[in-house]
Amino acid sequence: MAGQIGQSGWARPSGGRPTSRYGARATICENGYCTGYHYGTDMATGCGAGVFAASAGRVAYAGTYGAFGQHVRIDHGGGILTAYSHLQQGGILVSYGQQVAAGQLVARGASRSLVSIPAGFSSSLT
């Protein structure tokens with residue numbers, strides 16, 4: 001269930017199913033940006049549906065971020081970051097520097113995104 005914290009201490013960021021997985025894919029071009037590799041896993045939400053922090057951390061970015069549209073990035077420490085992209089205009093519910101808890105509502109999903117998927121989630125190690 002979206003936002004519910006599991007035994008690992010991490011929460012599912014969206015109630016939707018994965019719609020585009022990590023890895024190589026056909027090249028997609030839109031808004032002057034092209035890519036043939038996907039660095040995250042997109043999960044469908046629905047217009048206005050909740051998007052939740054996957055784990056506790058500090059908001060490292062909240063705002064418009066190029067081809068990612070409305071975007072939130074959370075730094076969980078230890079080099080682990082999560083990103084939430086293609087969010088509803090005006091749907092970002094956190095601000096830069098804010099501490100968030102695992103499972104906390106951080107944004108609202110949009111009806112359409114860069115890759116025709118309402119919300120995106122990715123995590124990375126730095």
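The number of residues in region 52-70 that are more than 20 Å from ARG12 (Cβ to Cβ) and not in a strand (DSSP E or B) comes to 5.
For (1) outside any loop (DSSP other than H, G, I, E, B); (2) open to solvent by 60 Å² or more (accessible area, probe 1.4 Å); (3) touching an Asp or Glu at 6+ places or on another chain (Cβ under 6 Å); (4) modelled with pLDDT of 95 or more, each residue gets a yes or a no:
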site: GLN89; (1), (2), (3), (4): yes, yes, no, no
site: VAL94; (1), (2), (3), (4): no, no, no, yes
site: VAL115; (1), (2), (3), (4): no, no, no, no
site: PHE121; (1), (2), (3), (4): yes, no, no, no
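Can you pull out every residue in region 104-113 that is open to solvent by 20 Å² or more (accessible area, probe 1.4 Å), outside any strand (DSSP E or B) and at pLDDT below 95? Across region 104-113, the qualifying residues are SER111, ARG112. Restricting attention to region 16-48 and to residues that are open to solvent by 60 Å² or more (accessible area, probe 1.4 Å) and in a loop (DSSP other than H, G, I, E, B), the residue that is modelled with the highest pLDDT turns out to be CYS47. Any chance region 71-85 includes a residue that's at pLDDT 85 or above, in contact with a helix residue (DSSP H, G or I) (Cβ under 7 Å, 6 or more places away or on another chain) and in a strand (DSSP E or B)? Yes, some residue in region 71-85 is at pLDDT 85 or above, in contact with a helix residue (DSSP H, G or I) (Cβ under 7 Å, 6 or more places away or on another chain) and in a strand (DSSP E or B). Is it the case that some residue within region 56-77 is within 9 Å of the chain's Cα centre (by Cα), surrounded by 15 or more Cβ atoms within 10 Å (Cβ to Cβ) and touching a residue at least 60 places away in the same chain (Cβ under 8 Å)? No: region 56-77 contains no residue that is within 9 Å of the chain's Cα centre (by Cα), surrounded by 15 or more Cβ atoms within 10 Å (Cβ to Cβ) and touching a residue at least 60 places away in the same chain (Cβ under 8 Å).
Residue by residue, here is whether (1) within 13 Å of the chain's Cα centre (by Cα); (2) within 13 Å of VAL106 (Cβ to Cβ) holds:
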position	(1), (2)
ILE28	no, no
ALA44	yes, no
VAL51	yes, yes
ALA54	yes, yes
GLN88	yes, yes
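The values are calculated or read from the model by the stated rules, or taken from the named source; none is laboratory data. Remember, predicted model here, so these are calculated numbers, not experimental data. Cβ: placed from backbone, ideal geometry, glycine included. Neighbour counts: every protein chain shown. Keep in mind that these areas ignore ligands, DNA and RNA; they rest on the heavy atoms of the full protein, side chains included. Shrake-Rupley method; radii C 1.70, N 1.55, O 1.52, S 1.80 Å.
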